[in-house]
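The values are calculated or read from the model by the stated rules, or taken from the named source; none is laboratory data. Given the structure is predicted, the values throughout are model-derived calculations rather than measurements. Virtual Cβ from ideal backbone geometry, glycine too; neighbours counted across all protein chains shown. Note: accessible area is taken over every heavy atom of the protein model, side chains too, but ligands, DNA and RNA are not part of it. Shrake-Rupley method; radii C 1.70, N 1.55, O 1.52, S 1.80 Å.
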Amino acid sequence: MKKLYIIYVFISIILFSACDKIGIDQIDMPHDSSIIDQSCYLQSFAKIMSKAIYNEPELREFIKQEALQRRDLDFDVFYPWVKDTEIRDGLTLEEIIKEYDSDNELEMIVMSCPLLTILVPDWSWVSDECFSPKSWKTDSPDVGVSYSSSSDLHEIYHNGKYVFSMQDGEYSDAPILIVKNNERIAYNGTTKSGDGIY
């Protein structure tokens, strides 16, 4: 039994060190956050979100307005609470994002990251020239999307493509959204209907 566990851990390390090389839908493993590095899922969502945010002006405005409400005292958009909100032409946030999910990863991402959140960072405290959600002009599609990871170097995606990286402690005058797990909300499992309990 101990041998099987060691083999399982070894295979897990190999698979997740290659998360850029294969789609997350090809990994058939339990979705326990203590085993799986969620940054692979957050990275995939960041890529999908960067395509949607680039192409959807209504989505940009929705994310801004939702962030400004500061429901958890930060400029966060908590995905489980807003995914069913209608954004454009009768389509919900989730339905719009699915339009840009060419690899059909969204369901696995949401299941693996129940605290999925989009942060609209306020860097105006650094300088008046830095980005703030309050002054975000959502008519421009030039929005970067990054994701939370253990690395000091953060990849930025624009319309689904990697464009550059930022070091910890660097700030931008352009809008950059950050996909992360919410650290202020607790997840307590699901109801019988499959809805999350927060």
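Rolled with a 1.4 Å probe across the full set of protein chains, the surface gives residue 183 an accessible area near 120 Å².
Subtracting the Cα-Cα distance of residue 173 and residue 123 from their residue separation scaled by 0.36 nm leaves 17.2 nm. Estimated from the Cβ-Cβ distance and a Förster radius of 25 angstrom, the FRET efficiency linking residue 152 and residue 61 is about 0.20. Modelled label positions at residue 69 and residue 84, each set 7 Å beyond Cα in the direction of Cβ, lie 1.4 nm from each other. Taking 7 Å steps out from each Cα toward its Cβ at residue 111 and residue 140 produces label points 4.0 nm apart. By a 1.4 Å probe calculation restricted to protein chains, residue 88 has an accessible surface near 40 Å², given to the nearest 10. In the complete set of protein chains, residue-level accessible area for residue 162 is approximately 120 Å², probe 1.4 angstrom. Note down the relative contact order for the range 80-139 as a percent, whole number, built from C-alpha pairs under 8 angstrom at least six residues apart. After rounding, I find 19 percent.
Considering only alpha-carbon pairs that sit under 8 angstrom and 6 or more positions apart, the relative contact order computed for the range 40-190 is 32 percent. Residues 119, 73, 177 ordered from highest to lowest accessible area at a 1.4 Å probe: 73, 119, 177.
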